[in-house]
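This report refers to the structure that appears directly beneath it.
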Amino acid sequence: MNGIRHHISDDLLMGYAAGALPPAFDLVVATHVSLSDDARARLAGYEELGGVVLSELDEAKIAEDSLERTLARINGRTERKPVERPAPGIFPEPLKKIVGGDADAVKWRGLGMGAKQCVLQSEDGASARLLYIPAGQAMPEHGHRGMELTLVLKGAYRDETDRFARGDIEFADEDMDHMPVAEAGEDCICLVATDSRLRFKGWLPRIAQPFFGI
Ligand code: ZN
């Protein structure tokens, strides 16, 4: 997809290629990769690089192996992790699989003021959720105790750093406080992974935190 202005970091892509991320972050990265030609190309590079490293580790073994068996191993590895292509609808394939359909299949829970969320998974200390923010509405201002990775699927939002639209990814950590505001004109749907609870600024969001669970 063209028009993506905020790309995923090399660290996260390498972590994904190495299978080192918690499942919640894997989901956000896989969904972003299926929307971004740039990320897909870079990921292919890291997977190839990973293959070379593995080959070097296996050098002694490979010397004993026939060429066919080595090639079969390489092919087997790439087949196990196919690169997803974009599909019609709002949700790319990796997300559709988890949700069991597109945006109309999500079992939303209200957060108040028209905002909604749906927790998709919570494992290894990290969780992934869909957030629905009505057009023009602000999310509570917050800081982060760990990592937060946000991917825009529909609409757009702005925060202190920039504007984020479909396919854009934003990484936030302890050093960053922000207040995302959905742009007027279109409701915003994001996929968000976090590995710790957020630090809300005002008293109202702190009361809301048990509901958000973020
Ligand atoms: Zn945040």
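Just so it is clear, none of the values below were taken in a lab; they were calculated from the coordinates. All figures in this text were calculated on a predicted structure; none of them were measured in a lab. Positions of Cβ are generated from backbone atoms using ideal geometry, with glycine treated the same way; all protein chains shown enter the neighbour counts.
Around ASP187, which amide H atoms from residues at least 5 apart in sequence, or from another chain, sit under 5 Å from its own amide H, with H modelled in the peptide plane?
Long-range HN contacts for ASP187: ALA135.
Using a 7 Å offset from the Cα along the Cα-to-Cβ direction at both ARG158 and GLN121, what is the distance between the two label points in nm, to one decimal?
Calculated label separation equals 3.5 nm.
In terms of modelled amide H atoms, which long-range or inter-chain residues lie less than 5 Å from the amide H of ARG199?
Amide H neighbours of ARG199, under 5 Å, 5+ apart: GLY143, HIS144, ARG145.
If you plug each phi of the range 34-41 into the Karplus form 6.51 cos²θ - 1.76 cosθ + 1.60 with θ = phi - 60°, what whole-Hz ³J(HN,Hα) values come out, in order, with x for Gly and Pro?
Couplings: 6, 9, 10, 4, 4, 5, 5, 5 Hz.
What list of ³J(HN,Hα) couplings, whole Hz, do you get for the range 102-107 from phi and the Karplus terms 6.51, -1.76, 1.60, once you set θ to phi - 60° and write x for glycine and proline?
Here the 3J(HN,Hα) series is 8, 4, 6, 9, 6, 8 Hz.
What ³J(HN,Hα) values, in whole Hz, does the Karplus curve 6.51 cos²θ - 1.76 cosθ + 1.60 give for the range 137-148 when θ = phi - 60°, with x put for Gly and Pro?
With coefficients 6.51, -1.76 and 1.60, one gets 8, 9, 7, x, 5, 8, x, 10, 8, x, 9, 9 Hz.
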